[in-house]
Amino acid sequence: MDLARFTRHDETRWEIAPHGKMRVPAVIFATEALIRDMDDKVYEQVTNVATLPGIVGASYAMPDAHWGYGFPIGGVAAFDPDAGGVISAGGVGFDISCGVRTIRTGLKPADIEPLKKHLADRLFHRIPAGVGSTGDIRLGADAMDAMLAGGARWAVKMGYGTDADLERTEEHGQMLHAKPRCVSEQAKKRQRDEIGTLGSGNHYLEVQRVVEIHDEAAAKAFGLALDDVVVSIHCGSRGLGHQIGTEFLRRMAIAASQFGIVLPDRELACAPIDSDVGQEYLGAMRAAINCALANRQILTHLTRGVFADVLPQARLDVLYDVSHNTCKEEEHEVDGAKRRLFVHRKGATRALGPGHPAIPAALRDAGQPVLIGGSMGTSSWILAGTARGMRQAFGSACHGAGRAMSRSAALKRWSGRHVVDELAARGILVRSPSQRGVAEEAPGAYKDVSAVVEGAHAAGLARKVARVEPMICIKG
């Protein structure tokens, strides 16, 4: 990317002054190395978002930003409904509420190693993964609506976990004001047999070990120590979320012109937050968030069953569950005044700073856990939200490594078998129903997640707490 187009404010803040139809500046948080490697579409998309009605502050992009649909992946933007603010399905993404849940096990690597192959095989057998994967749960019409309204809270009520899990889940496991009636029958049909499944793409379940501690106080608050074994689950709302995104993008493309909104890119289709289509999308999107929360809750229950059989001494307690690909109604201070805003985070994670009342009491002084997934076979990170991050980008941070090449390019470069064998030689066991899927998600197809995390840390969006490395990866 051509850096001459930016004003550099410090080591990690790059600003594009408003020009043309931009209403606010555009800001990218990244080290110089990261921003040089970003494709030019990130520049185009982050400036296009800055033209949308009712945008507040700036159009932001996180250190893992790359080309997305309308908004860049890694894009953050807040809109004020009282100033004509809009909501955009492209600003949320197709895999609504894709996110990460990290679970502490109370185990050490020495407990895992003698049984690692057996554990990997049992997890692969029990956790449905892959394109079109289905689970053992079948939802009828009433159960579907209850799940879409209740999220993880519904799952716990059905016996898939405990109230303690909900305390450590964003929104306490249930996104309020969801409207299952706004979710189409086709979307519900796609989800009927997919609840409790990983899906495909970059989704995974990993058994990981803590290899570095960077913030002792926060790690202690999070219940983490060097060499602890944790489990991380990365998945979202599956076919239901994708269907909702597809349907509402079509509707918003029509609505935008009806409301006199001139779009620099059709993929930025949007509607006023307070319009009928805007409110219906919010209701459907919140239902999809609940779907993803329920999905990760059920996968937690299945994982506990495997550990109970293989390593019965384990205790699987949720550290935290956080989503990306959402739009949340939040209160933020802007120019010294509190404002009600709708914050889009696409491929970005909420990262609330210390003391925020939405953070569980036991974690509040440390800041919200921010769970950063790496690519297959590489490190992942646990960060903590900061007060500075609350001021910089509405309490947002990066969400993962971010792709460095397309899936088709990855397929030309790697074979799935080669990737599996290479990782096995490093002591990382991969189980997947698809060698093609493994090749598409090869570690080299992604940016260096540690470099991305360093960019977020240096920018003050979140601070480093712990780095983890995989031992077992169940891949879609």
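The values are calculated or read from the model by the stated rules, or taken from the named source; none is laboratory data. Just so it is clear, the model here is predicted, and its values are computed rather than measured. Here the Cβ is made from the backbone with ideal geometry for all residues, glycine too, and neighbour counts use every protein chain on show. Note: areas computed on protein heavy atoms with side chains; ligands, DNA, RNA excluded. Shrake-Rupley method; radii C 1.70, N 1.55, O 1.52, S 1.80 Å.
Semi-axes of segment 199-254's equivalent ellipsoid from the Cα gyration tensor, sqrt of 5 times each eigenvalue, largest first, rounded to whole Å?
38, 15, 8
Exceeding 26 Å between C-alpha atoms, which entries from my cross-link table qualify? They are LYS188/LYS328; LYS157/LYS346; LYS21/LYS346; LYS338/LYS447; LYS188/LYS346.
Check vs 26 Å cut-off fails for LYS157/LYS346; LYS338/LYS447.
Note down the relative contact order for the chain as a percent, whole number, built from C-alpha pairs under 8 angstrom at least six residues apart.
Here the relative contact order equals 22 percent.
Just to check I understand the Karplus step: with θ = phi - 60° and J = 6.51 cos²θ - 1.76 cosθ + 1.60, what whole-Hz values come out for segment 233-244, glycine and proline as x?
Once rounded to whole Hz, the list reads 10, 10, 6, x, 9, 6, x, 4, x, 5, 5, 4.
For segment 448-454, take each phi angle, set θ = phi - 60°, evaluate the Karplus expression 6.51 cos²θ - 1.76 cosθ + 1.60, and give the result in whole Hz per residue in order, putting x for glycine and proline.
Each residue of segment 448-454 in turn: 6, 4, 5, 5, 4, 4, 4 Hz.
Measure nothing but the geometry: give the 0 to 90° angle between the long axis through the Cα atoms of 276-310 and the longest principal axis through the Cα atoms of the chain, rounded to 10°.
It is inclined by approximately 10 degrees.
Which one of GLY245, ALA294, LEU311 has its Cα pushed farthest toward the positive end of the charge dipole of segment 239-362, where Lys and Arg give +1 and Asp and Glu give -1 at the Cβ?
It is LEU311, whose Cα lies furthest towards the positive end.
Under a cut-off of 21 Å between alpha-carbon atoms, report the lysines in cross-link reach of LYS116, not counting same-chain residues fewer than 8 places apart.
Hits, sequence-local ones excluded: LYS108, LYS475.
State in Å² the accessible area per residue of the chain; use a 1.4 Å probe, count heavy atoms of protein chains only, and round to the nearest integer.
36
Under 5 Å between amide hydrogens, which residues at least 5 positions from ILE472 or on another chain qualify, with H placed 1.01 Å from N in the peptide plane?
Those qualifying (amide H under 5 Å, at least 5 residues apart or on another chain) are VAL207, LEU429.
How big is the gap, in Å, between the Cα center of segment 421-451 and the Cα center of segment 26-97?
28
Please compute the net charge surrounding ALA409, taking Lys and Arg as +1 and Asp and Glu as -1 over other residues with Cβ under 10 Å from its Cβ.
Charge balance in the 10 Å sphere: +3.
Taking K and R as +1 and D and E as -1, what net charge do the other residues with C-beta under 13 Å from the C-beta of ASN202 add up to?
-1
Would you kindly derive the ³J(HN,Hα) couplings of segment 386-398 from the backbone phi angles with the Karplus curve 6.51 cos²θ - 1.76 cosθ + 1.60 (θ = phi - 60°), listing them in order in whole Hz, with x for Gly and Pro?
Result, ordered by residue: 10, 5, 5, x, 4, 7, 7, 8, 6, x, 10, 9, 5 Hz.
For segment 115-148, which trypsin sites (Lys or Arg not before Pro) are in a loop by DSSP, counting at most 14 other Cβ atoms within 10 Å?
Within segment 115-148, the qualifying trypsin sites (Lys or Arg not before Pro) (loop, at most 14 other Cβ atoms within 10 Å) are ARG138.
Once neighbouring chains are kept in place and the probe is 1.4 Å, which whole percent of the accessible area of the chain is contributed by carbon and sulfur?
With neighbouring chains kept in place, the figure for the chain is 49 percent.
Please express the Cα-Cα pair-distance distribution P(r) of segment 321-460 as a list of whole percents, one per 5 Å bin, running from 0 to the bin with the greatest distance.
Bins of 5 Å from zero give 2, 10, 16, 18, 16, 12, 10, 8, 6, 2, 1, 0 percent of pairs.
Mean projection of the alpha-carbon convex hull of segment 391-476 over all orientations, in nm²?
Value for segment 391-476: 6.5 nm².
Translational diffusion coefficient, Stokes-Einstein: compute it for the chain using the Kirkwood radius over C-alpha pairs as Rh, at 20 °C and 1.002 mPa s, and state it as an integer in µm² s⁻¹.
D, rounded to a whole number, is 97 µm²/s.
Please give me, ordered by residue number, the trypsin sites (Lys or Arg not before Pro) of segment 241-331 that lie in loop per DSSP and have at most 16 other Cβ atoms within 10 Å.
Those satisfying the criteria are ARG315.
Mind checking Rg over Rh on segment 1-156, alpha carbons, Kirkwood formula for Rh?
1.12
Counting helices only, and only those DSSP H runs with n ≥ 4, report the 222 nm mean residue ellipticity of the chain as the sum of -39,500 (n - 2.57) divided by its residues, in deg cm²/dmol to the nearest 500.
-10500 deg cm²/dmol
Over 22 Å apart: what share of the alpha carbon pairs of segment 144-270 falls there, rounded to a whole percent?
Counting every Cα pair in segment 144-270, those more than 22 Å apart make up 56 percent.
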